[in-house]
Structure formats: C-alpha cells, structure tokens
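Below is one structure, written out as structure tokens, with a few remarks after it.
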Amino acid sequence: MIDYTEKIPNNVDLGRDRVLQRALEHWQPAYMNWWYDMGPSESHALEVYLRTATSVEPDGWAQFGYVRMPEYRWGIFLQPRDVARQVNFGVHKGQPAWQEVPGEYRSTLRRVIVTQGDTEPASVEQQRLLGMCCPSLYDLRNIFQVNVEEGRHLWAMVYLLHRYFGRDGREEAEALLERRSGDADNPRILGAFNEPTPDWLAFYMFTFFTDRDGKFQLCALAESGFDPLARTCRFMLTEEAHHMFVGETGISRILQRTCEVMQEHKVENASDVRALGVIDLQTMQKYLNFHFSVTIDLFGSDASSNAASYYTTGLKGRYEETKIDDDHMLQNAEYPVLEVSGNKIITRHVSALTALNERLRDDYIAEIQGGVDRWNKIMEQAGISFRLTLPHKGFHRAIGNFAGHFISPEGEVLTKEAWENNRDKWMPSAADQKFVQSLMTGRVIEPGKFANWIAPPIRGVNRQPLNFEYVRFN
Ligand code: BYC
C-alpha cells in the first residue's frame, strides 16, 4: 500500500484523515493514468530541473532538483489559517469565515471549484506536444514546470472536493480526469481551454493572458468566505506568478530577437522579416488579438446573476476585496458596462452586483496593459515605430454583451461580412500559423543554445547559468 502522507507533501494533516486517504487511494492512480496519457508527450523518462513545493514556508515552497515528472510530488498546501478571519463581503459579512461548506451553498461552491479545477488539466492537455519543438532546454524546463504545477493545482481543487463534498465531490474529481480539451463529446468547461496551443508563440501568449485570468479568478476566490478555498487559492497564487513570468518574458524575448534582426538587416516589411527566420511584429499583434479576446471571455457575461449571487452569499469576492474602501455589500452601487446599440457601442450603468464579472475583467485588462507597455519599450529602444495594442474589449467575443456582434479591433460595429473580410488581417490566419510552426519543427536541446526566433533570457533558473543542463535526456 502506498503511504500517501509520505508521497504527498501536505500541510492538511493527511496522515490522520482516513476518509481523505481512502478517496485519494482511488483518485491518485487515475490521476497518474491521466498524466501518462495526457501529460507532456515523450517526457516520462526525462530528468527535469524542477522546483517542488514541500511546505508553505518561504524556504519550502521552491525546492530545486532533478525529477522525473511522473515522480513529481504533487502536494496539498493551504496558506496557514488565520483564526480571526471573517467573511468580508456580502450578507454574511462579519461572521467567522466558514471552515465547513454551508449547506445552502454546497452546489454553487462545488460548481465554482469544479470550473476552476477543470482548467488545470485542460492547460496541460493543450500544451502536451510543445516539448517536441522547444526552442531551448531552458524553455523546455519551464513548460514542464508549468505543467507539473497545473497538475498540483488540480490536486488542490480535488483535495477540496474530496475533503468537503462527500460522494458528489468524489464523482466530480473523477470527471475532472475524464473531460478532454477540445473533445467534441466531453470537452473542458470553459471556451479558451478547448482551443489548441499549437506552437510556442501561442504558449507564451497563453501563459501571459490566460494564466493571468487564473491569477484574477484565484484572487477573487482567495477572498471567499469558505476558508479552505481561500487558503488553497492564496497558495496557488505563489506558483501562478512564475507561469505569467514565462509568458511575459517569452514574448519579450521573441520581440527582442525580431527587433535585433530588423535592425541588423535594416528590414521592416513583414515578409522580409519572415525571410530571416524570425516572427514579424504584425503576426505578434494578431496572436495578441486572438489570445486577449478569447481570454476576456473567461470572465463570463458582463451582466451575470451568478456573479451577483456568488458575491452576495460570500463565496467569491472582488479583486483585492479587503483593500477596497466601500460597504462590501454593493446593494445600491452601479458600474458601467458597454453594449451595442444599433451601430454604436454605448455605456450603460447597471447594478454593480450583476457587473462583477465585468469589473474583474476591467481589473485584469488594466494589468495586461502594463505588460503590453513593457513589450512596447523593446521596440522603442530598438528605434522601431511599431507598437502592440490591445484590441477593443468587444473584438471577437463569444460571451456577454458583444457575443453575436462584429466589432473591429478599433471598436467599430461592423457587419458580419465586413468583419469576416478583415479576419485574417486581425487574427492569425492558417498561413500565419503555418509560418510560425515552420520555425518550430524540431527541438533545440543543446545546453546554452536557443532557436533563431527567440533571444536568450537575461538569466537562468535559480541562478543557474544559461548553458545549464535543465533537462537530462540520458
Ligand atoms: N466558456 O453568468 P455567466 C485558470 C457559462 S483560469 C463557456 O456570465 P458566471 C488557468 C457559465 O458557466 C481561471 N461557458 O457565468 C489559466 C454559465 O453557465 P450556466 C479559471 C461560459 O458563472 C491557465 C453561463 O455561461 N477559474 O485558472 O458568472 C492555465 C452564464 O454565464 C464561459 C474560474 O473561472 C466561457 N468562457 O461566470 C491553467 C473561476 N463563461 O450557468 C489555469 C471559477 C461563462 O448557464 N469560475 N460561461 O450553465 C467562475 O467563477 C465562473 O464560472 C465564471 C463564469 C467566471 C467562469
């Protein structure tokens, strides 16, 4: 019999919880089967220089060493409990934070946890082939780090389902291993997690844009009145930061390399840039448009009674709820949302409670803009006039007020036909994707070497040199 307390680093007193142990005895082998089937392709024998969380202390959550990924110790960690913590918003404001699931909110909470949990294995599935065309050992190690941590985030949600939701929770935990990204019959729950991640440009965009949705959703759940959920999400956020770092620096390094080549060869035209084996800035903008629009859909509808009730009942807060100076009830407050009226986009003030998805989306967009500004400095420093911009919030949306409308990146309301005629100018066309993928046909695995289309990072992982053997192929 496997000793789970030994195998699963945890701070939830796993050794004493017989019910949980029994549940895990069933789930853990199914998880391993899923990892072998859907985890990174042809990776099982590789030794990877990974960080593993072995405790929540500052010196414990980032232990570096070589690990074969199937032997990674997927731990269960919650931020330590603050016994004075209260429900900080909604109708239960001021009550002690709940340590067990309130009966009347059981199915709603389970649903939110399942939705969050579902994204974690989905992203691993989306990225499973990318190791086969990595631009360096450094990047290969980083994608594997992201993948094992998404696996751990699945564990985090499964722990909550097993520990607090009885038989329904166990069934949901099993279903998390059964859905598959992009599967026509049994897809992942949210739209963006059924899109393919076919190349490394898409991967960096995904970790910059979509992992950041993860950050904002986790921040909102970290405010939850259900304390175990709040504490789990707090700890997940420490790992999420690295994923967004991989995305932001990945895009920066591609831009850096493109700018170097443009300067060196004095070329500006996209086809000339492509001929030199780097990704033109116009294509970068198209990928940005796609990933931004698909990701902002993940925040849900602009007006959502679900979001209002999550808040009123104390289950899901706002970004940085406790730092906001208001009544934390929002009974009479309003919030501006956009909608299409005729051929114009207008602003309407609606109840702040129903607009909570929109508010979180706006907080997210403000942070994204900061990253885009940092990317633009690379072009500025290279003396290149091209600038990346965020498309209008209504561009290419499938959820909320803009769904079914045809909005240009500049925010004009167009006919379907006019929009379709410009589609390939705004979003990656089949030919653009083919070009990007043509740069990524094989993997670069010589220590210290990088593919031509991406600059090396400024520094290595955990102060290791750039030519460190981040992955051992043996
Ligand atoms: N695709 O009232 P609404 C991450 C559904 S990422 C498909 O607006 P609500 C990560 C919705 O379910 C963060 N369906 O919805 C990143 C609802 O269905 P029903 C993941 C969608 O509930 C990278 C209906 O439409 N975490 O961690 O207010 C790598 C009405 O919509 C979508 C969470 O999302 C969509 N995009 O808001 C790894 C947090 N959007 O009731 C990991 C948990 C909406 O009609 N989830 N629908 O059947 C939530 O809080 C909410 O479910 C949502 C949706 C904010 C997502």
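The values are calculated or read from the model by the stated rules, or taken from the named source; none is laboratory data. These numbers were taken from a predicted model, which means no experiment stands behind them. Glycine also receives a Cβ, built like all others from the backbone with ideal geometry; neighbour counts cover every protein chain displayed. All accessible areas refer to the heavy atoms of the entire protein, side chains included, with ligands and DNA or RNA removed. Shrake-Rupley method; radii C 1.70, N 1.55, O 1.52, S 1.80 Å.
Observations on the model:
- Residue within region 380-396 that is within 14 Å of the ligand (Cβ to nearest atom) and part of a loop (DSSP other than H, G, I, E, B) present: yes
- Annotation note: Cβ proximity below 7 Å between a residue of region 188-216 that is more than 22 Å from Y138 (Cβ to Cβ) and part of a helix (DSSP H, G or I) and a residue that is among the aromatic types (F, W, Y) and open to solvent by 10 Å² or more (accessible area, probe 1.4 Å) (sequence gap 6+ or interchain) occurs for F216/Y319.
- Test: residue in region 177-190 that is of a type in the set (A, V, I, L, M), within 14 Å of the ligand (Cβ to nearest atom), buried (at least 24 other Cβ atoms within 10 Å of the Cβ) and farther than 25 Å from L24 by Cα: no
- Subset of region 71-119 [at pLDDT 95 or above, more than 16 Å from the ligand (Cβ to nearest atom) and among the polar types (S, T, N, Q)]: Q86, N88, Q95, Q99
- Residue within region 240-258 that is assigned to a loop (DSSP other than H, G, I, E, B) and either within 30 Å of E104 (Cα to Cα) or in contact (Cβ under 8 Å) with a residue 12 or more places away in the chain (or both) present: no
- Screening R374, R274, R348 for residues that are charged (D, E, K, R), over 24 Å from the mean Cα position of the chain (by Cα) and closer than 30 Å to R257 by Cα leaves exactly one candidate, R274.
- Answer from F290, F299 - the residue that is within 19 Å of the chain's Cα centre (by Cα) and open to solvent by less than 10 Å² (accessible area, probe 1.4 Å): F299
Results for (1) farther than 30 Å from A455 by Cα; (2) open to solvent by less than 10 Å² (accessible area, probe 1.4 Å); (3) among the β-branched types (V, I, T), shown as yes or no for each residue.
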{"site": "F89", "(1), (2), (3)": "yes, yes, no"}
{"site": "G94", "(1), (2), (3)": "yes, no, no"}
{"site": "Y105", "(1), (2), (3)": "yes, no, no"}
{"site": "S123", "(1), (2), (3)": "no, yes, no"}
{"site": "I143", "(1), (2), (3)": "no, yes, yes"}
{"site": "E171", "(1), (2), (3)": "yes, no, no"}
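- Test: residue in region 174-183 that is in a helix (DSSP H, G or I), charged (D, E, K, R) and over 24 Å from R253 (Cβ atoms): yes
- Residue count for region 430-447, restricted to those that are of a type in the set (G, A, S) and in contact (Cβ under 8 Å) with a residue 60 or more places away in the chain: 1.
- Verdict on R128 being open to solvent by 10 Å² or more (accessible area, probe 1.4 Å), within 16 Å of the ligand (Cβ to nearest atom), of a type outside the set (S, T, N, Q) and in contact with a Phe, Trp or Tyr (Cβ under 7 Å, 6 or more places away or on another chain): no
- P29 meets each of the listed conditions (1) under 27 Å from the mean Cα position of the chain (by Cα); (2) surrounded by 12 or more Cβ atoms within 10 Å (Cβ to Cβ); (3) farther than 30 Å from N467 by Cβ apart from (2).
- Among the residues of region 266-301, the ones that are under 22 Å from G214 (Cα atoms), of a type in the set (S, T, N, Q) and touching a helix residue (DSSP H, G or I) at 6+ places or on another chain (Cβ under 9 Å) come to 3 in all.
- Enumeration of residues in region 191-214 that are within 8 Å of the ligand (Cβ to nearest atom) and open to solvent by 30 Å² or more (accessible area, probe 1.4 Å): G191
- Criterion violated by H242 - all others in (1) under 25 Å from T312 (Cα atoms); (2) at pLDDT below 95; (3) open to solvent by 10 Å² or more (accessible area, probe 1.4 Å) satisfied: (1)
- Consider region 224-238 and keep the residues that are crowded, with 23+ Cβ neighbours inside 10 Å and within 12 Å of the ligand (Cβ to nearest atom). The one that is farthest from the chain's Cα centre (by Cα) is S224.
- Test: residue in region 429-446 that is surrounded by fewer than 14 Cβ atoms within 10 Å (Cβ to Cβ), over 26 Å from the mean Cα position of the chain (by Cα), modelled with pLDDT of 95 or more and farther than 22 Å from G131 by Cβ: yes
- Odd one out for Y138, checked against (1) surrounded by fewer than 24 Cβ atoms within 10 Å (Cβ to Cβ); (2) away from the ligand (no atom under 14 Å from the Cβ); (3) under 25 Å from T283 (Cα atoms): (1)
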